[in-house]
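The values are calculated or read from the model by the stated rules, or taken from the named source; none is laboratory data. Predicted model, so just to flag it, every value in this text is computed and none were measured. Note: ideal-geometry Cβ built from the backbone for every residue, glycine included; neighbour counts use all protein chains shown. SASA here: full protein model, heavy atoms, side chains in, ligands and nucleic acids out. Shrake-Rupley method; radii C 1.70, N 1.55, O 1.52, S 1.80 Å.
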Amino acid sequence: MAQRNDHGEVRAAGGVVARVAGDGRVEVLVVHRPKYDDWSLPKGKAERDESDEDCARREVEEETGLRCELEDELATVRYVDRLGRPKAARYWRMRVVGGEFRATDEVDRVSWLPVDEAAALLSYPRDVEVVRMLRL
């Protein structure tokens with residue numbers, strides 16, 4: 001059963017995993033989900049008694065193989081999920097501290113892209129809004 005917040009929304013969290021490229025530009029990690037054939041930010045639903053911060057770290061690691069550290073919180077995005085449930089997804093800027101990508105059934109590819117290129121590739125406007133916050 002999906003964990004819900006005080007507003008009855010399904011709780012989810014994830015990250016905008018960022019790094020500075022050799023040319024000084026900020027790059028972000030986007031993931032490809034073969035089940036939906038989409039490009040998105042790594043995120044997922046919270047488990048019972050799990051904080052949003054722990055959920056964000058766990059989901060990013062499960063989807064990308066990368067262990068990350070939370071930095072500043074970027075946004076909470078609210079929308080109706082594909083099952084018709086209200087959902088609230090909290091996002092943090094994250095920095096890689098270890099690990100390496102490994103393909104899974106859930107995520108088969110990742111790509112490090114400059115912010116504008118990531119925004120152009122992402123499948124959902126809500127993800128684009130979050131990524132663009134890195135330029136503020």
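Search the range 84-103 for residues that are farther than 10 Å from V17 by Cα and of a type outside the set (S, T, Y) and pair each with any residue that is open to solvent by 50 Å² or more (accessible area, probe 1.4 Å) and not in a strand (DSSP E or B) when their beta-carbon atoms are under 9 Å apart and the residues are at least 6 apart or on different chains.
Listed by first residue and then by second, the contacts come to P86/H7; A88/H7; A89/R126; R90/E53; G99/E61.
Tally the residues that are in a strand (DSSP E or B) and without any contact (Cβ under 8 Å) to a residue 60 or more places away in the chain, restricting the search to the range 1-59.
Selection size over the range 1-59: 5.
Residue under question is D116, and the condition is that it be assigned to a helix (DSSP H, G or I) and open to solvent by 50 Å² or more (accessible area, probe 1.4 Å); does it hold? Give the steps one after another, and end with the answer.
Details: assigned to a helix (DSSP H, G or I): yes; open to solvent by 50 Å² or more (accessible area, probe 1.4 Å): yes.
Criteria met by D116.
Is it the case that E63 is among the charged types (D, E, K, R), open to solvent by less than 30 Å² (accessible area, probe 1.4 Å) and either under 14 Å from V17 (Cα atoms) or part of a loop (DSSP other than H, G, I, E, B) (or both)?
Against the criterion (among the charged types (D, E, K, R), open to solvent by less than 30 Å² (accessible area, probe 1.4 Å) and either under 14 Å from V17 (Cα atoms) or part of a loop (DSSP other than H, G, I, E, B) (or both)), E63 qualifies.
Is it true that E73 is at pLDDT 95 or above, open to solvent by 30 Å² or more (accessible area, probe 1.4 Å) and either touching an Asp or Glu at 6+ places or on another chain (Cβ under 6 Å) or more than 30 Å from G8 (Cβ to Cβ) (or both)?
Values: at pLDDT 95 or above: yes; open to solvent by 30 Å² or more (accessible area, probe 1.4 Å): yes; either touching an Asp or Glu at 6+ places or on another chain (Cβ under 6 Å) or more than 30 Å from G8 (Cβ to Cβ) (or both): no.
No; evaluated as a whole, the condition is false for this residue.
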